[in-house]
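The values are calculated or read from the model by the stated rules, or taken from the named source; none is laboratory data. The model shown is predicted, which means the values in this text are computed figures rather than measured ones. Here the Cβ is made from the backbone with ideal geometry for all residues, glycine too, and neighbour counts use every protein chain on show.
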Amino acid sequence: NAGVTQTPKFQVLKTGQSMTLQCAQDMNHEYMSWYRQDPGMGLRLIHYSVGAGITDQGEVPNGYNVSRSTTEDFPLRLLSAAPSQTSVYFCASSYSLSLSGNTIYFGEGSWLTVV
Amino acid sequence: AQSVTQLDSQVPVFEEAPVELRCNYSSSVSVYLFWYVQYPNQGLQLLLKYLSGSTLVKGINGFEAEFNKSQTSFHLRKPSVHISDTAEYFCAVIIQGAQKLVFGQGTRLTINP
């Protein structure tokens, strides 16, 4: 049981390049989400999914795309990277966020620098 | 909209001293409340959570938190801290029935010997 796995752990991009942050979970969780962490701002929700084929926007979705073709995977795409997207990105998953008692599991984080 | 405010961005304390990290939330409906800890260069680990029932919640590593509905607060406490408690702590909230976990800005706890 690997939990929530994020790749890559570190990435440097040039402005305008595209890339995909991968997130996979092996716990059969319905709910998956992406956050970005910036100093003094905590973690802010980018996008989330409540099941395969269903995605929705969070607090800061601009510049990011997501899809959920399988229960296990929830990739985050940066179509044209900007320096403002330099951040630490966390993927998280849970059986169902709105049901009591469900723990939310976080990946180890992906450090992204856009130059 | 729900929001979470952590009242202190940094809290320095001496080893073996007590500590309280403050968290207030705003919501007109019932919520679930969480505290997470993040050690340097690591992901987030759940310390404790309040779902219902007793307002005093005990978590890992000797931490506890008290839910106060009238003051909409969920402060985290530890009676005696250790150097190993140096980390960033995040308060978070879910509105019951919603699908979003909203975080506070974080409090950096520094333990001095």
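List of remarks:
- Residue count, the stretch B:49-80 (criterion: free of Cβ contacts under 8 Å to residues at least 60 places away in the same chain and part of a loop (DSSP other than H, G, I, E, B)): 11
- Looking only at residues in the stretch A:67-115 that are among the acidic types (D, E) and assigned to a loop (DSSP other than H, G, I, E, B), the one that is modelled with the highest pLDDT is A:E72.
- Residues in the stretch A:69-94 that are within 30 Å of B:Y50 (Cα to Cα) and either among the β-branched types (V, I, T) or more than 12 Å from chain B (Cβ to nearest Cβ) (or both) were compared, and the one that is surrounded by the fewest Cβ atoms within 10 Å (Cβ to Cβ) is A:D73.
- Residue within the stretch B:81-99 that is of a type in the set (A, V, I, L, M), more than 14 Å from every other protein chain (Cβ to nearest Cβ), touching a Gly at 6+ places or on another chain (Cβ under 9 Å) and part of a loop (DSSP other than H, G, I, E, B) present: yes
- Identity of the residue in the stretch A:3-44, of a type in the set (D, E, K, R) and more than 13 Å from every other protein chain (Cβ to nearest Cβ), that ends up nearest to A:E72 (Cα to Cα): A:D26
- The residues of the stretch B:25-47 that are closer than 29 Å to A:S110 by Cα and in contact (Cβ under 8 Å) with a residue 24 or more places away in the chain, listed by number, are B:Y25, B:Y32, B:L33, B:F34, B:W35, B:Y36, B:V37, B:Q38, B:Y39, B:P40, B:L44, B:L47.
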